[in-house]
Structures are given as C-alpha cells and as structure tokens.
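Student: Before we start, here is the structure in question, set down as structure tokens.
Values in this text are rule-based calculations from the coordinates and carry no lab data. Keep in mind that this is a model prediction, so the values were computed, not measured. Note that we place each Cβ from the backbone using ideal geometry, even for glycine, and neighbour counts take in every protein chain shown.
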Amino acid sequence: MATATREDEFARRAEPLRPELLGFCYRMLGSVHEAEDVLQDALLRAWRAFPRFEDRSSLRTWLYRITTNACLRALERAKRRPLPSGWGDASADPEAPVPSQTSDVPWLQPFPDDPASVVEGRESMRLALVAALQLLPPRRRVVLILRDVLEWRAGEVAEFLDTTPAAVNSLLQHARSQLRRANPKAVREVGPLTARQREFVDRYAKAFAEADLDALTAALSADAVWEMPPYPTWFAGRDHVVRFLATKLGDGGGRRFVRVSANGQPALALYLRDGDGFAAYAVHVLDVGEAGVEHVVAFMDPGLFAGFGLPPRIAADDARDA
C-alpha cells in the first residue's frame, strides 16, 4: 500500500511539470514525436526510481536531470533535424522543377501550441531558434537551454552534468557564439504580434487562399523566405517566392485555412479541395515583422494535423476561409 501511495504521489507531483519537460525535449530533439517518446521513457525511469527519491533536490531538478540524460542518449543515435534553409543553398531558379522529397533527412517539426498550458520560455520555442539549436553539440545545447531559457544557475547545471561551473560557462559562451553565427535572427527578442503584424497574417492567408499574387506580394517582406519540408528546395527574396508560388497556386477557390498556433508563432493549417470536401495538406508557420511576412515554413505533412487537434478531412459545408 505504501508503494502504491508513493507512486500516486509521483503522478500527482510530476504531471504539472510534463508540459515544460516536453518543451525541453522538443528544443533538444527538434521533433514532437521523438520528444514525447523520450519524455515517456524518462518519466518511466523516474517513476521506477521515485521510491528512492529522498527530496534532497527539488523534484523538478531531479526530473530535468533524468530527462536531460534521456535526451543525450537519444541524440547519440539521432541525425540532426534541419530546415531546408539550414541544409543547402536557396534555389536560384523559381521556375525549375522541385526535386523529390528527401526521405533520408529527418526534418525539424513544428510544435503545436496548447492554449490551455503555459510552457516556460514560450518565445524560445520559435522555429528559427529551435532550428539553430540543432546545430549545437548536445552538451552545448543542454547548457544553453538550461542557462538562457530556463535561467538555471551555472552551479545547478554543473551538478547534474558532472562538471564544473567554469566548464558550464565556457560551454555557454561557445553555444551563444555559435548560435549568433548560425542565424542572428534566432536570438532576437520577439514580443506579441502587433496589430500591423496581425494584419499581414490576414492578408497572407487571404491572398494565398485566393491565389492572388499581387496581394501575396504585398503581404510579404522584401527579404521573405519560403521553405517546405520534406522538399529540400527553398527560396529567398520576395520576387523568387512569388515566382515560385505562381507556378503552383493555379486558380483560387480550392483552398481553406484553419488558424492554429505553433512554436509561439501564427500558423495556418491548409486544406485542399478533394472531391466533396477538403483534405489536410500542409501547416504554414509564419514569422512576421512590421514590413510583412518574413518567413514561411510550409510543412507538407498531413500527419501533423492530429497534433493540432484537426481532422484529416473537413466537409465543404464546414470549410471556412482563414
């Protein structure tokens, strides 16, 4: 009976920490599915060890230590998860045929936002930052997340990495420098969307759904980037983006967007006309500035829709414009 009570206590105390632990695993691994699997493994290990937990450290610190080790083990056998823009050069010819999907590259995945839960450091879930984190060696990644995102003290991090505070600070400096070199935008401060930025999201959604290239041009910033994993091709500059989309959009009327949120950013789930309804097609995650939509990552994976609580199909009567 005492063991059962102790195990019940673990569930009661650990469950409120699950959202932030999942966010930590996602930042480390770049995949929602892998993050969920690794966290499940970590919590199972913690549950088994909990009868021996003596509260000499906080439960949160103890769980982070177990979860960190689980992530590091997973990364020993995992490939880096990039976005196309971190994997190769931008296409110089928007009218050229798009290469086939690249199945041997495990691409970065979006993280569906849950309005009902508050994940610590939500701004640090942004795609640009998570993509840049994947460039760091695993221990640098751990240190940067724990120190700069979760604001742990160097001594705390050193304790469960079995190293010294000086070594932690050295790893942190190298990680920050590498991150800035990889993508300066990844470390910029981002606040809530302004009214102007929300307007650009509206204009982008309407223009894309209606295949209105002039309106789409007006909604994008001059230095806009478009990418679409699992295809390796990506485009830099508004002119190249619009020229590419001109070859793909055709006539308007066959697209519907449902508004969602991913990585703390505005996102749009795209359904395409399919018979008498609309079928899940892609999730567009947007980075928006005061001059327009700056970056679109169109994840061409209908399997992502379930994570956003969306069905694979919607009836024509239920379909709605963004």
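Student: If packing is taken as the mean number of other Cβ atoms within 10 Å per residue, what is the order of 58-69, 182-193, highest first?
Tutor: Result, highest mean first: 58-69, 182-193.
Student: Another one. From zero up to wherever the largest Cα-Cα distance of the chain sits, split into 10 Å bins and tell me the percent of pairs in each.
Tutor: Histogram of Cα-Cα distances, whole percents per bin: 6, 24, 31, 22, 12, 5, 1.
Student: List the aspartates and glutamates whose alpha-carbon lies under 19 Å from that of LYS79, not counting same-chain residues fewer than 8 positions away?
Tutor: Those aspartates and glutamates meeting the cut-off are GLU34, GLU36, ASP37, ASP104.
Student: So how far apart, in nm, are the two label points at ALA218 and SER100 if each is 7 Å from Cα heading toward Cβ?
Tutor: Modelled inter-label distance: 4.2 nm.
Student: Convex hull over the alpha-carbon atoms of segment 1-106: what's its volume per residue in Å³?
Tutor: Roughly 121 Å³ of hull volume per residue.
Student: What are the radius of gyration and Dmax of segment 148-227, computed over its Cα atoms and given in Å?
Tutor: Gyration radius and largest Cα-Cα distance of segment 148-227: 20.4, 58 Å.
Student: Grab the Cα-Cα distance for GLU15 and SER57, subtract it from 0.36 nm times how many residues apart they are, and report the gain in nm with one decimal.
Tutor: Result for the pair: 13.3 nm of gain on full extension.
Student: From the P(r) of segment 85-230, could you give the percentage of C-alpha pairs in the tail past 18 Å? Provide the component values of the computation, followed by the final result.
Tutor: Details: 7389 of 10585 pairs.
Summing the P(r) tail past 18 Å for segment 85-230 gives 70 percent.
Student: Using 1/(1 + (r/R0)^6) with R0 = 35 angstrom and r between the beta carbons of ARG198 and GLU36, what's the FRET efficiency to the nearest 0.05? Could the numbers behind the result be given before it?
Tutor: Working: r = 31 Å, r/R0 = 0.88.
Efficiency for this residue pair is about 0.70.
Student: So, one more: Using Cβ contacts closer than 10 Å as the measure, can you line up LEU245, LEU72 from fewest to most? Don't jump to the answer; show the numbers that get you there.
Tutor: Numbers: LEU245 20, LEU72 16.
Going from least to most buried by this count: LEU72, LEU245.
Student: Kindly express, to the nearest 10 degrees and within the range 0 to 90, the angle between helix 18-29's C-alpha long axis and the longest C-alpha principal axis of the chain.
Tutor: Helix 18-29 sits roughly 70 degrees off the main axis of the chain.
Student: Now for a separate question. Suppose the chain between ASP89 and GLU7 were pulled fully straight at 0.36 nm per residue; how much longer would it get relative to their current alpha carbon spacing?
Tutor: Contour length minus the Cα-Cα distance gives 24.4 nm.
Student: Work the Kirkwood hydrodynamic radius out for segment 195-315: mean of 1/r over every pair of different alpha-carbon atoms, inverted, in Å.
Tutor: Result for segment 195-315, one decimal place: 14.4 Å.
Student: Additional query: Taking every pair of alpha-carbon atoms in segment 2-187, give the share separated by more than 22 Å as a whole percent.
Tutor: 50
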